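I have placed the structure first, in the form of structure tokens, so that the comments after it can refer back to it.
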Amino acid sequence: LNPTGAVDMPTAIALGVLPDLATLGLPQISVFPTQGRCSFVDSWHDKRSGGRLHIGVDIVGPRGLAIYAVTDGTITKMYGAESKLSGNAFRLTAADATYFFYAHLDSFAPGIAVGSAVKAGQIVGYMGSTGNAGGNSHLHFEIHPGGGDPVNPYPIVKAVDACHVTEVLPQP
């Protein structure tokens, strides 16, 4: 139980109160997208400007915080700072065609380009506020199973939450 008396997602799954993510047909990730001083809430389908709905989770943290690959895969698309919505962003595509969209990065890690193979836990960029981030440093993170429509990433990232882990991940 956490201080509010609520059971967190990993505990609920371990107790069998909730089925695991695989049983629900949701992708699993082995690495949280960042670690250190950060926070996030479930903002799935919150209203955004222009009548859009939010289709990701925003992980708020300081500018320059390392961003990690959540799984092994390939960088299949990149967007530059001139992209009005996403700013510096990329797609990380796994072997099963599931892709993970990372947006608002301050910068990409050295060597990250379309076609780059990356390993889970590898630094792929640094948190920032490019695009329509409103000046607030955060990572916008989406999950598209099988390359299709997005699913709510909150329970998936919550299962591996590392917002208060301060040790730097060893690089693959």
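Just so it is clear, none of the values below were taken in a lab; they were calculated from the coordinates. If you're wondering where the values come from, they're calculated on a predicted model, not measured in any experiment. Neighbour counts are summed over all protein chains in view; Cβ atoms, including those assigned to glycine, are modelled from backbone coordinates with ideal geometry.
Spin-label model, Glu167/Glu82: points 7 Å from Cα along the beta carbon direction are separated by 4.4 nm. Of the trypsin sites (Lys or Arg not before Pro) found in the range 63-172, those that fall in a DSSP loop while having at most 14 other beta-carbon atoms within 10 Å are Arg63, Lys84, Lys119. Dividing the helix sum by the residues of the chain, where each DSSP H run of 4 or more adds -39500 (n - 2.57), gives a mean residue ellipticity at 222 nm of -1500 deg cm²/dmol. Tell me whether the range 99-147 comes out rounded, prolate or oblate; compute the Cα gyration tensor, take square roots of the eigenvalues as a ≥ b ≥ c, and use a/c under 1.5 as the rounded threshold. Oblate, because a/c is 1.5 or more while a/b does not exceed b/c. Between Pro110, Pro153, Pro33, the Gaussian network model of the chain with springs among Cα atoms under 10 angstrom shows the greatest mean-square fluctuation at Pro110. When semi-axes √(5λ) of the Cα gyration tensor in Å is calculated for this entry, the matching label among [x] 34, 21, 15; [y] 29, 18, 15; [z] 24, 18, 17 is [z]. Remark on Val118: its backbone amide H falls under 5 Å from those of Gly73, Thr74, Ile75, a criterion applied only to residues 5 or more positions apart or on other chains, H modelled at 1.01 Å from N. Using the charge dipole of the chain (Lys, Arg: +1 at Cβ; Asp, Glu: -1 at Cβ; taken about the Cα centre), state which of Leu65, Gln35, Gly146 has its Cα farthest towards the positive end. Positive-most Cα among the choices belongs to Leu65. Computed from point charges on the beta carbon alone (+1 for Lys and Arg, -1 for Asp and Glu), the dipole magnitude for the chain about its Cα centre is near 400 Debye.
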